[in-house]
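Input: a single structure, listed below in structure tokens.
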Amino acid sequence: MIPGVSMIHILILSGVLFTLGALGVLIRRNAIVMFMSIELMLNAANLAFVGFARSMGALSGQVFVFFVIAVAAAEVAIGLALIVAVYRNRGSIDVDMVSDLKG
Amino acid sequence: MEAWILSLVTFFPVVGAMLLLFIRKEREAAIRWAALMTAVVTFLLSLLMLSGFDSSDPDLQMVVRLPWFSIGDLQIEYFLGVDGLSILLVLLTTFLTVLSIISTWTAIVERVREFMIFFLLLETGMVGVFLGMDLFLFYVFWEFTLVPMYFLIGVWGGERRMYAAIKFFLYTMAGSIFMLLAIIWLGLEGGTFSVPDLIEAQAIPGNLQFWLFLAFAAAFAIKVPMWPLHSWLPDAHVEAPTAGSVILAGVLLKMGTYGFLRFNLGLFPEASIRLAPWVALFAVIGIIYGAAVAYAQKDVKKLVAYSSVSHLGFVMLGLFALNIQGLQGGIVQMINHGLSTGALFLIVGMLYERRHTRDMDAFGGLWRVMPIYAGLTLIVVLSSMGLPGLNGFVGEFTILIGSFGSEAIGSVWFTIVAVVGVILAAVYMLYMFQKLFLGPLDNDKNKVLLDINRREIFTLVPIVILIFWIGLYPRPFFGLTEASVAKVVELVSSAAITMR
Amino acid sequence: MTADTLFSLAPLVILFPLLGFVFNLVAGRRISERGAGIVASAAVGLAFVIAILQFVALGLDPAGATIHIAEWIAIGELEVDWALQIDTLSVTMLLMVTGVGGLIHIYAIGYMHDDVRFQGDPSRFPRFFVYFSLFMTAMLILVTGNSYLTMFVGWEGVGLSSYLLISFWYEKGENGIGNALAGKKAFIVNRVGDLGFIIAMLITFWFFGTLTFEEVFSEAEAMGAAAVTAATAITLFLFVGAAGKSAQIPLFVWLPDAMAGPTPVSALIHAATMVTAGIYMLVRNAPLLELATVTPNVIAIVGAATALLAASIAVARFDIKRVLAYSTISQLGFMIAAVGIGAYVAAIFHLVAHAFFKALLFLSAGSVIQGVEHGHHHADSAEEDFNPNDMRVMGGLRTRMKVTFWVYLIGALALAGIPPLAGFFSKDEILADASHVNPAVYWVLVLAAFLTAFYMGRQVLMVFFGKPRSKAAEATKESPATMVAPLVALAVLAVGGGLINAPGLLPLTRFLQETLAGIEEPEFIAAIAILTTLLALASIGLAWLLYGRRPIKSRAPDPLQSRLGPVWIAIRHRWWVDEFYDWLIVRRYVSMARWLAEVADERFLHDWVHDRVIALGYVRATHWLASVLDLRFIDRGFDGLGALTRRGASGLGVLQTGYVRNYAAAVFIGLVLVVSYLLLS
């Protein structure tokens, strides 16, 4: 571990990243940006995983990170495909334009 | 080769169907060629299977037997095997599928990809029915064939296609329910679904055999179809597209007769002996009834459809003669019917594609404009009415020989009435030929008809070759079935001894 | 060269016509008319050469041989091979079939050349010879087959080629469909006979365990009395088959209609060869007939009755070919009767002699018809629906077709039984035998012979004597050499044919004794010979009184009409046999088929049982369940619940904004709430 960087720093960084991501999802209307924000949240979680794995000396946390990355990759593929499909249909990727499920 | 060949023959069409999904649906030529190639490869695979077949061995060969899943103690297996009873039918299936696909070349223009996919799935189902030796697996294949056929009729059929498709589905389904019950009972009681094991055990008491026989017969008799359960057949045939009719008549009906042969005779020999006169009665009624009704039709396709009722009456009569001539004749007659009636449906389809009508009154004198077509039709017509030297006669005569001397049927009168059916076959077949090809060419629409093209000739010529081959030198065909049939006969006659 | 080497050539007798068939089928259109005709004729000619070689071989080894070619059907005990039986009986037939057949082939080259032009489709010429070769192939299989089943192959094969040739001009005839219907009728009536043949085979197989002639006969001989019932049953059913093919009561109705085929077809198939197959088959089964009890009598009576019935009908025909057709039926009746009384050699003798003179008569009739047709075209007469077959438009052709007239006269006299022509000897042999065995049959046959001479006299007088009764007949000319030459050859045979079994020498009897063991040598009864000759002459004289002295006018009624009264009406209507069958069988069957199709199948099974009872019943039942039970009772109960749900749902629906971010916010708020609950508690 880099000297001066302790577990608490890592958690703070992770928390900050996660909050940024969550706010991005809630506030931004551009689907791509929302998407990136989701990635940010995922990676914040990854960071926390790695940090915990390090401090506890267990490998399972890092294994989980790989798993998450793989799932995220698949998710990106489907998500981007959906965005492209939406764009083709609506000519825009503003998520507020897509409200067909309104009850 | 032993282990994988049967699975390959069964499932290769599915692989082909999967591949078709990857071809864009606009590329119809590519789709047709891919489907054709799949069918051809399947046919070649079935020939490979034939080359490894030992005709002197009466038992199942090239067996693949793996546990599939189990319910309690009851093991359900993935169990494929081929013997003399089924090998010809497998070959017939793969052979007719190739020809049917060629016949759709210009006939099917809408949703080609879906059509081909269903067609290939149907092939897998049919081959599976003939190869599946686990009752459960057999039942799965049996029911599976309904689905693609339902769509083939319902999507690509004629005007009343939905009516016909639903009727087809429900009729066959209704019969199968009883068979399913019997299969479950057999599995629970016998502790296995394996057909050869159940046949080996012969553990079913006489009066129970009676009910189980009827339950299986319900499914098979509808499929054959035996009189008076044939009502679905004309509708299905008239509405089905040509290729569908070819497969329906050529193979699907044989699933019924095959079922009787494999399951009813093997599992319930005592009941078979006891009920043989009744089966013979219905078979003979079917022969005469089908021939008479066929004669009164105006629609060529309906005529051919009813002729199937008559022809399959012969097959049933032969099978339930329960002696070697009757059974051998019955099996070969299944093949013959598949070839001749399949060819007749191809022939009707060629005409329909040109004129968009099947009303015989609209034709006449076609020989003049379509000589090649007329000549090939004549051969098929003669084969269908049992002219010696062609395949139909070999089957019919051996069936008649078998049923005439059959102890199980017990009376020669059934055979004598069946011989009358031979006359009536000439009556309706020659009537059809005359209505289409002879007489003056007085309809202007017919004067411009073109003779069949090379592709169409190519679909008929292989059948004609087989018609002559089986008619003149049936030895190889009888040879394939001989050992297995002898085993069935032995089984039945030993059951006859215990009955006394 | 040993006999066996020669015997081993026997399959060629079938192979040559078969090759001719294949060749003309494939290449017939590409070579000239003459080429196609020559190929077919050469094939028959070569077969004739082979037949002669077989005859020579039988001289070396009279026992004959069986030549196996290949296995055919072998299932359990049922073993049938493709094999040929060469013995004196089959070789007699081989020589006749290929010899007479060859002459008719040559004639047909000339005849069909004109015929295809009269009928307006010259491209159909090669097809005729394709069918002819097919017929020869089948006929030779029939003759040489060594088992019932191989014989049956030929048996049906000749039926098929007969069907094709009768309906050769399939767009012609009554209403444009007459010829096709005639062909179909021939095939189907023959099939009725085949029913008998098939059943006979079934009995044979289950009784004797084999279908090979030799084995069946030796088995039957060994069993002796034990086989009597079986032999009776088998021969009775075989006779049904023979009655179909050889046009006997009750199955003779197809043969007159078969005249729709071109004339060489009538000569080859419907006079000389195919129709005699029934007689050949019965003679082949002589060992079984000898054992059987009832059958010989049945055969003799049916044969004699047919001879008389057909002869009586022939008297009242105006169509030149129909007279000959009924005459053929009548003569076949003679042969069948001969078989019935056990005179097998006489039957075969008459068969061969009949082949000579009846082929001659038919071919000459063809020459006449075409002559008149030529005349019709030449005279350019405007007569509508001119029928060149009608004897009422002929007359006076004696001077216009000299050769045809003379050969026709020879044929007619041979048929009438005037010595020393072929028909005299062969008919006499039958009558002499009949007089011993069955007097009733004998007298019926004598009466038939009397009528024979009468109708032949009538025909010759109507066609060749008197004055032409139409412009066409006036303009008639002699036919070309390809047609006339075979006529002369056949005329020579019709004159000298009696020699093959002339009294005293009996070469045919000696020859056939090798195969048909135990046949007796016929005796020549001078009294009968004189009686029949006188009767024939008297009969011809009677014909001259009626038709020769005062030639009939073209539209005038037949002189017999007033003299015979009701009998004339009966024979003019062919004793209403066709009408009777039409009423009894055809209409019954058609209406039964219609009824089954429309009422039983369509309305009852399809529309009522399926559509109404099953399908509609199900629809009704489900409808009741849905509308009555479900809607009124169950549904109402749940309706309240449903309404409640709906109202609740529409309230909650407000929350569903459709905006993704709103949902995300909701998730977050929920998450925060859950986490804070977990943390705080």
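Could you tell me whether any residue of segment C:87-101 is under 16 Å from C:GLY35 (Cα atoms), touching a helix residue (DSSP H, G or I) at 6+ places or on another chain (Cβ under 7 Å) and either surrounded by 24 or more Cβ atoms within 10 Å (Cβ to Cβ) or at pLDDT below 95 (or both)? No, the conditions are met nowhere in segment C:87-101. Each residue in segment B:465-475 was checked for being within 13 Å of another protein chain (Cβ to nearest Cβ) and either in a helix (DSSP H, G or I) or within 16 Å of B:GLY342 (Cβ to Cβ) (or both), and 6 of them qualify. Within segment C:665-678, can one find any residue that is among the hydroxyl-bearing types (Ser, Thr, Tyr), without any contact (Cβ under 8 Å) to a residue 40 or more places away in the chain and surrounded by 11 or more Cβ atoms within 10 Å (Cβ to Cβ)? Within segment C:665-678, none of the residues are among the hydroxyl-bearing types (Ser, Thr, Tyr), without any contact (Cβ under 8 Å) to a residue 40 or more places away in the chain and surrounded by 11 or more Cβ atoms within 10 Å (Cβ to Cβ).
A count restricted to segment B:391-407 and to residues that are more than 7 Å from chain C (Cβ to nearest Cβ), surrounded by 24 or more Cβ atoms within 10 Å (Cβ to Cβ) and not aromatic (Phe, Trp, Tyr) stands at 8. Here A:ALA85, A:ALA22 are screened, and the one residue that is more than 14 Å from chain C (Cβ to nearest Cβ), within 20 Å of C:TYR663 (Cβ to Cβ) and not acidic (Asp, Glu) is A:ALA85. Contact annotation: residue pairs with Cβ atoms under 6 Å, 6 or more positions apart or on different chains, pairing a residue in segment A:78-93 that is without any contact (Cβ under 8 Å) to a residue 12 or more places away in the chain with a partner that is surrounded by 10 or more Cβ atoms within 10 Å (Cβ to Cβ) and in a loop (DSSP other than H, G, I, E, B), are A:TYR87/A:ILE93. Listed here are the helices (runs of 4 or more DSSP H) enclosed by segment C:299-409 that have at least 2 residues being buried (at least 24 other Cβ atoms within 10 Å of the Cβ): C:320-340, C:344-379. Checking each residue in segment B:346-364 for being under 14 Å from B:LEU436 (Cα atoms), touching a residue at least 12 places away in the same chain (Cβ under 8 Å) and away from every other protein chain (no Cβ under 14 Å) picks out B:ILE347, B:VAL348, B:GLY349, B:MET350, B:LEU351, B:TYR352, B:ARG354, B:ARG355, B:ARG358, B:ASP359, B:ALA362. From the set of residues in segment B:305-344 that are among the β-branched types (Val, Ile, Thr) and within 14 Å of chain C (Cβ to nearest Cβ), which is nearest to B:VAL489 (Cα to Cα)? In this case the residue turns out to be B:ILE324. Pairs linking a residue in segment C:71-93 that is closer than 12 Å to C:GLN54 by Cα to a residue that is crowded, with 24+ Cβ neighbours inside 10 Å and charged (D, E, K, R), with Cβ atoms under 7 Å and 6 or more positions apart or on different chains, are C:LEU89/C:ARG284. With the structure loaded, tell me whether C:GLU514 is surrounded by fewer than 22 Cβ atoms within 10 Å (Cβ to Cβ) and in contact with a Ser or Thr (Cβ under 8 Å, 6 or more places away or on another chain) or whether it fails that test. In short, yes. Screening segment C:428-502 for helices (runs of 4 or more DSSP H) wholly inside it with 1 or more residues that are at pLDDT 90 or above and aliphatic (A, V, I, L, M) returns the ranges C:439-464, C:481-496.
When the residues of segment C:517-537 are narrowed to those that are assigned to a helix (DSSP H, G or I), hydrophobic (A, V, I, L, M, F, W, C) and under 35 Å from the mean Cα position of the chain (by Cα), which ends up surrounded by the fewest Cβ atoms within 10 Å (Cβ to Cβ)? The qualifying residue surrounded by the fewest Cβ atoms within 10 Å (Cβ to Cβ) is C:LEU537.
Can you find even one residue in segment C:596-611 that is away from chain A (no Cβ under 14 Å), within 30 Å of C:PHE252 (Cβ to Cβ) and not small (Gly, Ala, Ser)? The answer is yes, given that some residue of segment C:596-611 is away from chain A (no Cβ under 14 Å), within 30 Å of C:PHE252 (Cβ to Cβ) and not small (Gly, Ala, Ser). Do we find that B:LEU387 is within 22 Å of the chain's Cα centre (by Cα) and outside any helix (DSSP H, G or I) in this structure? Yes.
Hey, any hits in segment B:408-430 for a residue that's part of a helix (DSSP H, G or I), of a type outside the set (Phe, Trp, Tyr) and either away from every other protein chain (no Cβ under 14 Å) or more than 30 Å from B:TRP278 (Cβ to Cβ) (or both)? Checking segment B:408-430: at least one residue is part of a helix (DSSP H, G or I), of a type outside the set (Phe, Trp, Tyr) and either away from every other protein chain (no Cβ under 14 Å) or more than 30 Å from B:TRP278 (Cβ to Cβ) (or both). Go through segment C:637-681 residue by residue and tally those that are charged (D, E, K, R) and facing chain A (nearest Cβ under 9 Å). Selection size over segment C:637-681: 1. Those helices (runs of 4 or more DSSP H) of segment B:212-288 in which 3 or more residues are under 20 Å from B:GLY175 (Cα atoms) occupy B:232-239, B:253-259.
Yes or no, residue by residue, for (1) in a loop (DSSP other than H, G, I, E, B); (2) at the interface with another protein chain (Cβ under 9 Å from one of its Cβ atoms):
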site	(1), (2)
C:PHE152	no, yes
C:PHE168	yes, no
C:LEU195	no, yes
C:MET201	no, yes
C:PHE207	no, no
C:GLU215	no, no
C:GLU219	no, no
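A count restricted to segment C:170-187 and to residues that are more than 7 Å from chain B (Cβ to nearest Cβ) and assigned to a loop (DSSP other than H, G, I, E, B) stands at 2. Scanning segment B:412-429 for residues that are more than 17 Å from B:GLN325 (Cβ to Cβ) and in contact with a helix residue (DSSP H, G or I) (Cβ under 8 Å, 6 or more places away or on another chain) yields B:VAL417, B:VAL420, B:GLY421, B:ILE423, B:LEU424, B:ALA425, B:ALA426, B:VAL427, B:TYR428, B:MET429.
Go through segment C:1-107 and tell me which helices (runs of 4 or more DSSP H), entirely inside it, have 3 or more residues that are closer than 25 Å to C:PRO126 by Cα.
On the way: elements: C:3-7, C:11-27, C:33-60.
The helices (runs of 4 or more DSSP H) meeting that bar are C:11-27, C:33-60.
Among the residues making up segment B:431-444, those that are in a helix (DSSP H, G or I) and within 8 Å of chain C (Cβ to nearest Cβ) are B:TYR431, B:GLN434, B:PHE437. Taking residues in segment B:373-387 that are closer than 18 Å to B:ARG455 by Cβ and at the interface with another protein chain (Cβ under 10 Å from one of its Cβ atoms), and partners anywhere that are among the charged types (D, E, K, R) and buried (at least 23 other Cβ atoms within 10 Å of the Cβ), not one pair has Cβ atoms closer than 7 Å while being at least 6 places apart or on different chains.
The values are calculated or read from the model by the stated rules, or taken from the named source; none is laboratory data. Computed from a predicted model, the values in this text were never measured in an experiment. Cβ coordinates were reconstructed from backbone atoms using ideal geometry, including for glycine residues, and neighbour counts include every protein chain displayed.
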